[in-house]
Every structure is written in C-alpha cells, then in structure tokens.
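Right, one structure below, let's go through it.
The values are calculated or read from the model by the stated rules, or taken from the named source; none is laboratory data. Owing to the predicted nature of the structure, the values given are computational and were not obtained by experimental measurement. Neighbour counts run over all protein chains shown; Cβ positions are idealised from the backbone, glycine included. Please note that ligands, DNA and RNA were not included when accessible areas were found on the heavy atoms of the full protein model with its side chains. Shrake-Rupley method; radii C 1.70, N 1.55, O 1.52, S 1.80 Å.
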Amino acid sequence: TPGELAQALDELQARDFINDGRVIESVINHRSSKLGAARLKQELAAKGLSGEAVATALASIKDSELERAQAVWLKKFGEPAQDPRERAKQARFLLTRGFPAEVVNKILR
C-alpha cells in the first residue's frame, strides 16, 4: 500500500541507508576520472539530487578538470589530430564527456 512504501523509505532514511551525501560522493569518486563537471551534474540530477551539496562537490573537482580531461584524451586518442575532421571528432568526444569548451581547446592546441 502507498503508506507502507513511504514508511519503509522513512525508516531507511532514519537508519542512514538512504543518504544523499554518500550518493553524491560515490558518483563523484567513481565517475570523475572519466567525466567532466557538466556530465557529473547531469548524472546527479538524473538521480534526483541537486542543490548546495552537489554544487559543493562539483566545485571541489573543478580545479582538476584540465588534468582529468587530458587523461581521458590521452587514453582515447594519444596523439594530436592531423586534420580538422579528426580535431572535431576529438573535441566532440571531450565535450560529450562534460568537459568545458575552454578545457577542450587547451588540450587540442
């Protein structure tokens, strides 16, 4: 019944089995090596999480955005693009991973 579901969820939250902070931390720790802040924010929003805790967590990884993007680029491509078509392909790849355009431009230069 609808009341039982709400009661069960409340009980799980009271026992700290459901904790938004842990979910945010888990997603950030597991996915930040492959994704940029924009994509991480999108994934957290898809889980129903938003607000100050998400903003704080994303701000903490903002400084490493360039290094993480470079590691992803090196693993996928490893060498600079030889023509504009290849450069566009590399840029699209990094952008879809959620890295900002200015970081992508620095890497592809």
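What to note about this one:
- Gaussian network model of the chain, Cα within-10 Å springs - most flexible of Arg97, Arg22, Arg39: Arg22
- Rg over Rh for the range 36-86 works out to 1.14, both radii taken from alpha-carbon positions and Rh defined as the Kirkwood radius.
- Integer Hz, Karplus 6.51/-1.76/1.60 couplings in order for the range 85-93, x for Gly and Pro: 5, 5, 4, 5, 4, 5, 5, 4, 4
- Among residues other than Pro80 with Cβ under 14 Å from its Cβ, the summed charge is +3 (Lys and Arg +1, Asp and Glu -1).
- Counted charge near Asp16, where neighbours are those whose Cβ lies closer than 14 Å (Asp, Glu -1; Lys, Arg +1): -2
- Per residue, in Å², the accessible surface of the chain once ligands and nucleic acids are set aside, probe 1.4 Å: 69
- Solvent-accessible area, 1.4 Å probe, carbon plus sulfur percent, for the range 61-109: 51
- Calculated mean residue ellipticity at 222 nm for the chain: -21500 deg cm²/dmol, from DSSP H runs with n ≥ 4 weighted as -39500 (n - 2.57), summed, divided by the residue count and rounded to 500.
- Rg over Rh for the range 1-49 works out to 1.14, both radii taken from alpha-carbon positions and Rh defined as the Kirkwood radius.
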